[in-house]
Structure formats: structure tokens, C-alpha cells
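Visitor: First the structure, which I've put down as C-alpha cells, then a few questions once you've had a look.
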Amino acid sequence: MAEAIERFVPDSSTVAMGTALEPLIPFAAGHEIIRRRRRDLELVGPISDALFDQLIGAGCVSRVTAAWVGNVSEGLGHCYRRACEQDIPREISVRDQSNFSISLALWAAAWNVPSLPTRTLLGSDILRRNPALSAGFGLVHVGAVRPDVAIVHVQRADELGRAHVWGPLGITEEAGLAAERVIVTCEELVDPGVTLSDPNRIIFPETKVVAVVYAPGGAHPSPVQGYFKRDHAFYRDYAEQSRTAGGFEVWLKRWVFDVPDRAAYLERLDVASLRVNHHLYSAPVDYGDE
């Protein structure tokens, strides 16, 4: 993980993360970004739960282009609020989007057009908060957003970058296609025969993927369909501890700076209680053509 972040997420990058909304949030990658002490990042995403809040509190972020920043089950993102209201730990700018308009912005970049139209934001105050949105001819024109890198967590991938992901996907596909490059973190690193056995499930062309990182538990505390349940208690504890800047610093030291990697992080958790034990497998598909 450290090598991937060091090579492909420099300072001042535009980074799409947490694109599946509540599941599959790449917390392990986010924590490595904090450990690498990256600065002046622009974060792009729909919800991303508490990950954006943590990156903001760690001083990594100068701009947020997103639909929402917070802690889904607990409400506010305290670090985000401090940054917006008090410039703590630093001033950040915010370009508001809706969940739909951020998807359009990424599709515009993926399709290499300057903007895409919609009617859904007409009459909304969001237009006042984002210069990349403009109204005209009865439409809102959503300017393209092209991340330097999209970081996604998936269930399985092969070493060549072919990734399988299932469950709620949010705007993962458009983020990966819009980005200049993609970093994939995965629960399982599998043989190419596994990914090629179900080509329709491959989420990106492997030519977009610059790094594949084996990172079991890399989305904790968010859920991973078929692998991990959502850790509600962890989110609740984070909300309580991050209520003050001092409390957040204590949390950050314990869960990011005092653990060198994801394996050490997982040792502090009751992982067995978080694993999915009741499995519901889909029916196999037949790709036979003769």
C-alpha cells in the first residue's frame, strides 16, 4: 500500500474515493495517505462516510468536491465542520454536488466532453456553491471532473488489474473511467482465470489500473458484500472521539500513526465478529458459445 500511495498519489492530487457510497470505502488507502502526509488534495466522491472527515482532520485536504461529508450513522463529520467553520486544521474550499450531479461530472470526463446537462439541480442553492455548474436554456450544465486517481476497494482482483466487485456500486464505474489512473485494493488476490471466467463483472479495463494492493479488511469499518459487516460501534466511537480536535488527534495516533499497516490495524479488532458468516451465492452464468 505504501508504495502505491507514494508513487501514484502525490501532493495536490485530485482523488476519487468512497465511490460506492457506504460500502467498499478504501479506508486502508486513506490511512496510508495520512501516513504519507500528503497535502493539498482535492477529494471527489458522493458520500464516503467518515473517510473524508479523517483526511480533512489530518490536514491532507484543500478542496472537497462531493455530495456530502459526514459520518452516516452518527450524523456530523466533526473534522469537516471544524475545517469549514474555523479553518481547523486548515481552510478548505467546498464545491457542492448532488449524488447525481457528481456522477454526471465523472461521466463527462469519462466520455471526454466538457459537460453534461440535467434538470435536477434547477432551483437549488448548489448552483451558488460550485462554479463548475451553470444554468442555461432550462438546463444545468455539469462540468466534467477528472480525478488524477481513483482508489477503489473490491472483493477480488488479479495482479494485472482486472477487478471483480458486486453489491452496491454507487459511482465506482464512472469514477474509474474518468480518472487518469486507478488504484485497486482487494480482499482477495486471485488468478487471472478467476476474473476472466466472468468478464462481465470486471469493473474497469486493466489498462487504467496502475496498482493492485492485497488488503484484506481494507474497507473497515465499512461493509464489503460477502466478506465484512459494517462496524457500527467503530463509527460511533469515532464520532465521539472526533467531537473535539484533541480527541481526533488521539484517535488518529491510535488507529493510523501507531499502526504501520493494515495487518497491525486489524490485530486491534475482533475481526471474527465482523466477518460475514451467512453466505448467499448467486447462480453461475454460462459463457459457452459453441
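Visitor: Please identify the pairs in which a residue from the stretch 126-146 that is more than 10 Å from SER115 (Cβ to Cβ) and touching a residue at least 24 places away in the same chain (Cβ under 8 Å) has its Cβ atom under 9 Å from the Cβ atom of a residue that is assigned to a helix (DSSP H, G or I) and among the polar types (S, T, N, Q), counting only partners at least 6 apart or on another chain.
Guide: ILE126/SER101; ASN130/SER101
Visitor: Considering only residues of the stretch 166-190 that are in a loop (DSSP other than H, G, I, E, B) and in contact with an Asp or Glu (Cβ under 9 Å, 6 or more places away or on another chain), which is farthest from ASN112 (Cα to Cα)?
Guide: VAL190
Each row is one residue, and each column tells you yes or no for (1) buried (at least 20 other Cβ atoms within 10 Å of the Cβ); (2) over 15 Å from the mean Cα position of the chain (by Cα).
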position: GLU22; (1), (2): no, no
position: GLY30; (1), (2): yes, no
position: ASP40; (1), (2): no, yes
position: PRO89; (1), (2): no, yes
position: VAL94; (1), (2): no, yes
position: ASN99; (1), (2): no, no
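Visitor: Give the residues of the stretch 10-20 that are part of a loop (DSSP other than H, G, I, E, B) and crowded, with 24+ Cβ neighbours inside 10 Å, sorted by residue number.
Guide: Correct list: MET17, GLY18, THR19, ALA20.
Visitor: Look through ALA105, ALA83 and report the one residue that is within 26 Å of ILE203 (Cβ to Cβ) and either in a helix (DSSP H, G or I) or at pLDDT 95 or above (or both).
Guide: ALA105
Visitor: Let me ask another. Identify, from the list VAL224, VAL210, the residue that is touching a residue at least 40 places away in the same chain (Cβ under 8 Å) and in contact with an Asp or Glu (Cβ under 8 Å, 6 or more places away or on another chain).
Guide: Result: VAL224 is the single residue among VAL224, VAL210 that is touching a residue at least 40 places away in the same chain (Cβ under 8 Å) and in contact with an Asp or Glu (Cβ under 8 Å, 6 or more places away or on another chain).
Visitor: List every residue pair whose Cβ atoms lie under 7 Å apart, where the two residues are 6 or more positions apart in sequence or sit on different chains, the first residue falls within the stretch 261-290 and is more than 23 Å from GLY167 (Cβ to Cβ), and the second residue, located anywhere, is among the aliphatic types (A, V, I, L, M) and surrounded by 11 or more Cβ atoms within 10 Å (Cβ to Cβ).
Guide: ASP261/MET1
The values are calculated or read from the model by the stated rules, or taken from the named source; none is laboratory data. All values derive from a computational prediction rather than experimental measurement. Here the Cβ is made from the backbone with ideal geometry for all residues, glycine too, and neighbour counts use every protein chain on show.
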